[in-house]
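Colleague: Take this structure, written in structure tokens, and hold onto it; I'll ask about it next.
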Amino acid sequence: MTPVERADVPAATRIVVKVGSSSISGENAGQIAPLVDALAAAHGRGAEVVLVSSGAIATGMPYLKLDARPDDLATQQAAASVGQNLLVFRYQQSLDRFGIIAGQVLLTAGDLENATHRSNAQRAMERLLGLRILPIVNENDTVATHEIRFGDNDRLAALVAQLIGAELLVLLSDVDALYTKPPHLPGAERIARVPFGDPLAGIEIGSVGRAGVGTGGAETKVSAARIAAEGGTSVLITATPLVDRALAGDDVGTWFDPAPARHTADEGAALA
């Protein structure tokens, strides 16, 4: 059932959670364990959970002796090649505590634009979920080019939510919610809920994340939330340390209402 309120979140049966580079790499690598705790709790109550995780490039950077995100594509690809392996290993180490197996899914924008590739990706994801595997999705940075990149993993997460018909998308970052202006500025107020189609007129939305290793900020999350909501998925934007509360249905973050058509379909199915 698509949740229409935060209190409905624990009843969601198919959930996509997206986490950014700054939340699980470098000095924040320790946040992987509590993130996995929250994912495992949802998995344990029967939900099908997909994690869309950035961080391959950021995780690989120290091993290439880089102290800043590389600008050239070839070095980004090299860092991603090293980092993706380590990133999934770290997730699996943490998931082992719960007896959950991770499956790696690497996608390019071309995979979701090509009908055959999209169908293959959808079939693989459905089978993984049916087997109670927890898919960990990332952009395939090792082979992606500037021309065919998603641009940021917030958009990738929204498209994955559409691909598998997710009921809930949770977009995590280093800020606890959307605000009426950048949260460090005086007078900034949390936006608790965004009705479907609300243009957020007069709201100052930043385009850059707080940390320097990712590619997304509030602007990319709002854009992704709208993509997912248009497809009938409820969306919650909040901070990574609050993911356990988000998946428990607590009043955290900013909630985006999904398109009303999905609600009608759900109600009709329930009455059938």
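The values are calculated or read from the model by the stated rules, or taken from the named source; none is laboratory data. Quick caveat: nothing in here was measured; it's all calculated off a predicted structure. So basically every Cβ, Gly included, is an ideal-geometry build from the backbone, and we count neighbours across all protein chains shown. Calculation scope for accessible area: heavy atoms of the full protein, side chains included, ligands and nucleic acids excluded. Shrake-Rupley method; radii C 1.70, N 1.55, O 1.52, S 1.80 Å.
Colleague: Using a ≥ b ≥ c from the Cα gyration tensor of the range 45-127 (square roots of the eigenvalues), is it rounded, prolate or oblate, where a/c under 1.5 gives rounded and otherwise the larger of a/b and b/c decides, a/b for prolate?
Modeller: oblate
Colleague: Once you place label points 7 Å from the Cα toward the Cβ at Ser223 and Arg190, how far apart are they in nm?
Modeller: With each label placed 7 Å out from Cα toward Cβ, I get 2.7 nm.
Colleague: Can you send over the carbon and sulfur percentage of the accessible area for the chain, probe radius 1.4 Å, protein chains only?
Modeller: 54
Colleague: So for the pair Asp72, Glu230, with labels modelled 7 Å out along Cα→Cβ, what separation do we get in nm?
Modeller: Reported label-point gap for Asp72 and Glu230 is 3.7 nm.
Colleague: Here's a follow-up. Counting only heavy atoms of protein chains, what accessible area per residue, in Å², does the chain have with a probe of 1.4 Å?
Modeller: With all protein chains present, the chain gives 44 Å² per residue.
Colleague: Averaged over all directions, how much area does the convex hull of the C-alpha atoms of the range 1-154 cover when projected, in nm²?
Modeller: Mean orientational projected area (the range 1-154, Cα hull): 9.7 nm².
Colleague: Give me the distance in nm between label points sitting 7 Å out from Cα along the Cα-to-Cβ direction at Ile203 and Gln93, one decimal.
Modeller: 3.8
Colleague: Same structure, new question: Going by the alpha-carbon gyration tensor, a ≥ b ≥ c the square roots of its eigenvalues, is the range 79-184 rounded (a/c under 1.5) or, if a/c is not under 1.5, prolate (a/b greater than b/c) versus oblate?
Modeller: Because its axes are fairly even, with a/c under 1.5, the range 79-184 counts as rounded.
Colleague: Further, regarding this structure: With a ≥ b ≥ c taken as the square roots of the eigenvalues of the C-alpha gyration tensor of the chain, please select rounded if a/c is under 1.5 and otherwise prolate if a/b is larger than b/c or oblate if it is not?
Modeller: Note, shape of the chain comes out rounded.
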